[in-house]
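The structure under discussion appears below in the form of structure tokens.
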Amino acid sequence: MEQKINVLGIDIDNCTAKEALRRTIEYMDSVPVSTVEMLTVDSLMQMDERPEIKEEVGSFDLVMPADKTLLEAADITDGKNLRETKEQMFLKLFLRYLHKNHKRVYLLVESEEEGQRFFDYLQKNYEGVQVVGLAKVSARNRADDMLVNAMNGGEVDCVIAALSAPLQEEFIIRNRNLLDVRIFLGLGKRTLPDLQNGVFSDRVGRFLMKYIFKREIEKRKQK
């Protein structure tokens, strides 16, 4: 059953992975670009003081939790939903769909190292995906016009962004009316383990971010 939950002011779709995949595949036959966001704890916290960004994200076509902590914050206890979120089932199904149908994708990252790891991850696990372009996006050195032209010229089916918040969200909000692609999928920087830097440092960072997030949720519930 499809429903919405609200966490820190953003509506999140609480549906099964298969239902989310069905909706996303339907977006492949529609125009203009459809926006799909894999929302993480850290991206939500980064956007918490940007109400205009949160409002825009809430209007995205599909906002899926990338961390079961978000479901727990909304008191979701359904075992299937928690398990599918923990295992990133929707993302796996969607990448498998892109792989089986040889879809053309364009990758957005923040460094050459991340780009190489992302490309290697797709080649290893989903070699049918056609990566037609890869570009770095920087908050300090914007080149949106060039990137939009490159993506539109590559006859891209899906743009996959692995960017930090709110850089990722700002990019699609500013450019979605200019993109001639079917889907913009925002993963954030922590959704795919293969894109993370130091394992230990990332684990500590996640623990601290989740601790701060849970404290904030409890504080707001008490108000």
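Every read-out reported here was derived from the displayed coordinates using simple, explicitly stated rules and does not represent laboratory data. From a predicted model like this one, the values you see are computed outputs, not experimental measurements. Reconstructed Cβ throughout: ideal geometry from the backbone, glycine too, with neighbour counts over all protein chains shown.
Among the conditions (1) closer than 30 Å to Leu208 by Cβ; (2) among the hydroxyl-bearing types (Ser, Thr, Tyr); (3) not in a helix (DSSP H, G or I), the only one that Ser43 does not satisfy is (3).
Screening Leu82 against (1) part of a helix (DSSP H, G or I); (2) within 20 Å of Gly186 (Cβ to Cβ); (3) in contact with a Leu (Cβ under 7 Å, 6 or more places away or on another chain) leaves a single unmet condition, (2). Taken over the range 40-53, the residue count meeting the criterion of being surrounded by 17 or more Cβ atoms within 10 Å (Cβ to Cβ) and farther than 15 Å from Leu167 by Cβ is 1. Could you tell me whether any residue of the range 6-21 is in contact with a Ser or Thr (Cβ under 9 Å, 6 or more places away or on another chain) and surrounded by fewer than 20 Cβ atoms within 10 Å (Cβ to Cβ)? Yes, some residue in the range 6-21 is in contact with a Ser or Thr (Cβ under 9 Å, 6 or more places away or on another chain) and surrounded by fewer than 20 Cβ atoms within 10 Å (Cβ to Cβ).
Would you check if there is a residue in the range 77-100 being within 23 Å of Leu167 (Cβ to Cβ) and without any contact (Cβ under 8 Å) to a residue 60 or more places away in the chain?
Yes, the range 77-100 has at least one match.
Looking at this structure, is Leu8 in contact with an Asp or Glu (Cβ under 6 Å, 6 or more places away or on another chain) and of a type in the set (A, V, I, L, M, F, W, C)? Considered against the rule, which asks whether it is in contact with an Asp or Glu (Cβ under 6 Å, 6 or more places away or on another chain) and of a type in the set (A, V, I, L, M, F, W, C), Leu8 comes out as yes.
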